[in-house]
Each structure stands twice: as C-alpha cells, then as structure tokens.
Amino acid sequence: MKAKSSIPTKGAICTPTPSHFQLTISALAARKHVFCEKPISINAKEAQIMAVAARKSGKKLMIAHAQRLYIPHMKAKDLLERNEIGKLLTFRTFLGIGDKED
C-alpha cells in the first residue's frame, strides 16, 4: 500500500489584501493550487501577474467571489439595468442560511 503524502497540494489565502499577491505567487511557484479571498489584489497589475503565474504553473487560481450569483445581488443588478430604482448610492445585503422551517 502506498503511503499518503502529507504535503498539501493546494493553499487558501485568507489574509489581508496587501498580502494576497506575494502569498499567491509563492504558492503557485511551489506548484500549489490557490484559493484566494477577494479582492484578488490591491491593483490590476498584481492581479494580471497572478493570473499569468497561474497559467504558467499549470495550477488553478480561484478568487472567492461567492456572492456574485447570490439572488439579492442578481435582483439588484436587474433592477439597476432596467433603471427601475434610480441612482445607486449604496447596496447592502446579508448572506445567511435560514432554518429548514423558513
């Protein structure tokens, strides 16, 4: 029976945004898949470098934009696109899991 490796094959970057770039580049250089919290980085140049590093390494880089398909956000986008609610000043939702009885 083959022994299971204790070396991780992926990494999660759940740190303050300014550290995302260096940690992601380091993980990709170490041949790890990376799951990085949003935002991807502090600027577009770093984000582009991170994307290129992922392509070159052959590893996956996933950014946690989990609420993009959240129903209240999709509804707000629809209302805005149809100009039904006027100029947007702020938008706030709460993402929660209800009881089975809800």
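The values are calculated or read from the model by the stated rules, or taken from the named source; none is laboratory data. Predicted model, so just to flag it, every value in this text is computed and none were measured. Positions of Cβ are generated from backbone atoms using ideal geometry, with glycine treated the same way; all protein chains shown enter the neighbour counts. We work out accessible area using only protein heavy atoms, side chains counted, and drop any ligands, DNA or RNA first. Shrake-Rupley method; radii C 1.70, N 1.55, O 1.52, S 1.80 Å.
Test of understanding: what is the full-extension gain from THR90 to GLN48, defined as 0.36 nm times their sequence separation minus their Cα-Cα distance? Write down the numbers at each step before the final one.
On the way: separation 42, 0.36 × 42 = 15.12 nm, distance 2.84 nm.
Working it through step by step, the gained length comes to 12.3 nm.
Less than 9 Å Cβ to Cβ from ILE63, Lys/Arg counted +1 and Asp/Glu -1: what total charge do the surrounding residues give? Once all neighbours under 9 Å are counted, the net charge is 0.
Calculate, in nm to one decimal, what ALA12 and GLU81 gain on full extension: separation in residues at 0.36 nm each, minus their alpha carbon distance.
Working: separation 69, 0.36 × 69 = 24.84 nm, distance 3.45 nm.
Taking 0.36 nm per residue and subtracting the Cα distance, the gain is 21.4 nm.
Considering only DSSP states other than H, G, I, E and B, which chymotrypsin sites (Phe, Trp or Tyr not before Pro) in the stretch 8-90 qualify as loop sites with at most 16 other Cβ atoms within 10 Å? Before the final figure, lay out each step's value.
Working: sites: PHE21, PHE35, TYR70; in loops: TYR70.
Loop-located and lightly packed - TYR70.
Ranked from largest to smallest solvent-accessible area, with a 1.4 Å probe on the protein heavy atoms, SER26, SER19, SER41 come out as SER26, SER19, SER41.
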